[in-house]
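Peer 1: Take this structure, written in structure tokens, and hold onto it; I'll ask about it next.
Nothing in this text is a laboratory measurement; each read-out follows from the coordinates by a stated rule. In this text, all values refer to a predicted model and were calculated from it rather than measured experimentally. Every residue, glycine among them, receives a Cβ derived from its backbone with ideal geometry; neighbour counts consider all protein chains shown.
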Amino acid sequence: QVQLVESGGGLVQAGGSLRLSCAASGRTFSTYTMGWFRQAPGQEREFVARITWREGSTYYADPVKGRFTISRDNAKNTAYLQMNRLKPEDTAVYYCAASIANWATSGTDFASWGPGTQVTVPS
């Protein structure tokens, strides 16, 4: 199993940008599909984005499409989430996750999770 640690969260004004990083250790990072999820206070965890291990194919949830970009650097064992034009509704704890299923999008497809990083966008 792969171990994951997120970083890069913080407080940013609406309209600003942040880049989250997810550092992986353990088994071969390049063979895992990587995903980002988020959970706002009092709400269920929701899917944000994913990038497949085989093709590097990306997929986004509608609320972030066009504003967020997921990427990966297999040489650095790191996945990223570039977040632009942030909105107050993007406030949440953001989690990265790893899956052996190439086309994973559901939380149940992901077996490894990081502890999360807080992103706050004041209204």
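Peer 1: Net charge near Thr33, counting Lys/Arg +1 and Asp/Glu -1 over other residues with Cβ under 9 Å of its Cβ? Let's see the in-between values first.
Peer 2: Working: positive: Arg50, Arg54; negative: Asp109.
Net of charged neighbours comes to +1.
Peer 1: Per residue, what volume in Å³ does the Cα convex hull of the chain take up? Can you show the working numbers first?
Peer 2: Working: hull volume 10.9 nm³, N = 123.
Enclosed volume per residue, from the Cα hull, is 89 Å³.
Peer 1: To continue, here is another question. For the chain, which longest stretch is free of loop sites, where a loop site is one of the trypsin sites (Lys or Arg not before Pro) that DSSP puts outside H, G, I, E and B and that has at most 16 other Cβ atoms within 10 Å?
Peer 2: Numbers: sites that count: Arg27, Arg45, Arg54, Lys65, Arg67, Arg85.
The answer is 86-123.
Peer 1: Taking the Cβ of Gly56 as the centre, find all other residues whose Cβ is under 12 Å away and add up their charges (Lys, Arg: +1; Asp, Glu: -1).
Peer 2: Values: positive: Arg50, Arg54, Arg72; negative: Glu55, Asp73.
Around Gly56, the surrounding residues sum to +1.
Peer 1: Summing +1 for each Lys or Arg and -1 for each Asp or Glu, what net charge is found among the other residues whose Cβ lies under 15 Å from the Cβ of Lys76? Kindly include the intermediate steps, with their values, before the conclusion.
Peer 2: Numbers: positive: Arg19, Arg72; negative: Glu6, Asp73.
Its environment carries a net charge of 0.
Peer 1: Remind me, relative contact order of region 3-123 in percent, using alpha carbon pairs under 8 angstrom and six or more residues apart? List each step's numbers first, then the result.
Peer 2: Numbers: 302 pairs, mean separation 43.9, N = 121.
The value is 36 percent.
Peer 1: Relative to a virtual label point 7 Å from the Cα of Thr58 in the Cα→beta-carbon direction, which members of region 71-93 show backbone nitrogen distances below 16 Å?
Peer 2: Taking a point 7 Å out along Cα→Cβ of Thr58, the residues of region 71-93 whose backbone N falls under 16 Å are 71-74, 78-86.
Peer 1: Could you tell me the center-to-center distance, by alpha carbons, between region 60-123 and region 1-40 in angstrom?
Peer 2: 6
Peer 1: For Thr120 and Gln3 in the same chain, what is the full-extension length gain: residue separation times 0.36 nm, less their Cα-Cα distance, in nm? Numbers along the way, then the final one.
Peer 2: Working: separation 117, 0.36 × 117 = 42.12 nm, distance 2.48 nm.
Full extension of this stretch gives 39.6 nm more.
Peer 1: Which longest uninterrupted range of the chain lacks any GluC sites (Glu not before Pro) assigned by DSSP to a loop state (not H, G, I, E or B) and surrounded by at most 13 other Cβ atoms within 10 Å?
Peer 2: Values: sites that count: Glu44, Glu55.
Excluding the exposed sites themselves, the longest stretch runs over 56-123.
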